[in-house]
1. Output the residue which, of all residues in region 4-30 that are in contact with a strand residue (DSSP E or B) (Cβ under 7 Å, 6 or more places away or on another chain) and either part of a helix (DSSP H, G or I) or closer than 26 Å to residue 110 by Cα (or both), is modelled with the lowest pLDDT.
2. Of all residues being at negative phi and touching a strand residue (DSSP E or B) at 6+ places or on another chain (Cβ under 7 Å) in region 31-41, which is surrounded by the most Cβ atoms within 10 Å (Cβ to Cβ)? Just the residue, please.
3. Under 6 Å by Cβ, and 6 or more places apart or on different chains, what pairs join a residue from region 19-43 that is free of Cβ contacts under 8 Å to residues at least 12 places away in the same chain with one that is crowded, with 18+ Cβ neighbours inside 10 Å and assigned to a strand (DSSP E or B)?
4. Here is a check on your reading of the model: is residue 46 buried (at least 17 other Cβ atoms within 10 Å of the Cβ) and either more than 25 Å from residue 88 (Cβ to Cβ) or within 16 Å of the chain's Cα centre (by Cα) (or both)?
5. Any residue at all in region 58-73 that is farther than 15 Å from residue 103 by Cβ and outside any helix (DSSP H, G or I)?
6. Considering each of 89, 55, 73 in turn, give the residue that is surrounded by 10 or more Cβ atoms within 10 Å (Cβ to Cβ) and either over 21 Å from residue 29 (Cα atoms) or in contact (Cβ under 8 Å) with a residue 60 or more places away in the chain (or both).
7. Among the residues of region 92-115, write down those that are closer than 23 Å to residue 21 by Cα and surrounded by 11 or more Cβ atoms within 10 Å (Cβ to Cβ).
8. Can you tell me which of (1) under 28 Å from residue 4 (Cβ atoms); (2) within 15 Å of the chain's Cα centre (by Cα); (3) free of Cβ contacts under 8 Å to residues at least 12 places away in the same chain is the one residue 111 doesn't meet?
């Protein structure tokens, strides 16, 4: 069972989001904050795409990192920090569309690491 060690995790994340200038610059916004789970969306613009209208791979990896990191942040005590230690993104069969949805969730909660 996933359980937060910070009962004020939503406000903690909202405070951190205010300082996320990269997210603001690319236009990504968080749409759902829950214990161990974060969701967000990005309305795609031409600058977000590469050849054949595919979303740029670096953008895909960035959004995966953001939502997995904030999913982990939702579970740790206030004042603790989270880093992504390994990130694997598959670029096979990329979708084409107007909106990119990103969902991150904690699969396994540990003492030192949360696996997202």
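1. Step one: list which residues in region 4-30 are in contact with a strand residue (DSSP E or B) (Cβ under 7 Å, 6 or more places away or on another chain), which gives 10, 13, 17, 26-30.
Applying the additional criterion that residues be either part of a helix (DSSP H, G or I) or closer than 26 Å to residue 110 by Cα (or both) yields 10, 13, 17, 26, 30.
Details: 10: 95, 13: 91, 17: 87, 26: 92, 30: 95.
In this case the residue turns out to be 17.
2. Let us first name the residues in region 31-41 that are at negative phi, namely 31-35, 37-41.
Then drop every residue that is not touching a strand residue (DSSP E or B) at 6+ places or on another chain (Cβ under 7 Å), which leaves 31-32, 37-41.
Values: 31: 11, 32: 10, 37: 18, 38: 26, 39: 17, 40: 21, 41: 17.
Top of the filtered list is 38.
3. 31/40
4. It is false that residue 46 is buried (at least 17 other Cβ atoms within 10 Å of the Cβ) and either more than 25 Å from residue 88 (Cβ to Cβ) or within 16 Å of the chain's Cα centre (by Cα) (or both).
5. no
6. Result: 73 is the single residue among 89, 55, 73 that is surrounded by 10 or more Cβ atoms within 10 Å (Cβ to Cβ) and either over 21 Å from residue 29 (Cα atoms) or in contact (Cβ under 8 Å) with a residue 60 or more places away in the chain (or both).
7. Result: 100, 101, 102, 103, 104, 105.
8. (2)
The values are calculated or read from the model by the stated rules, or taken from the named source; none is laboratory data. Just so we're clear, the structure is a prediction, and the values are computed from it rather than from any experiment. As a convention, Cβ positions derive from the backbone with ideal geometry for all residues, glycine included, and neighbour counts pool all protein chains shown.
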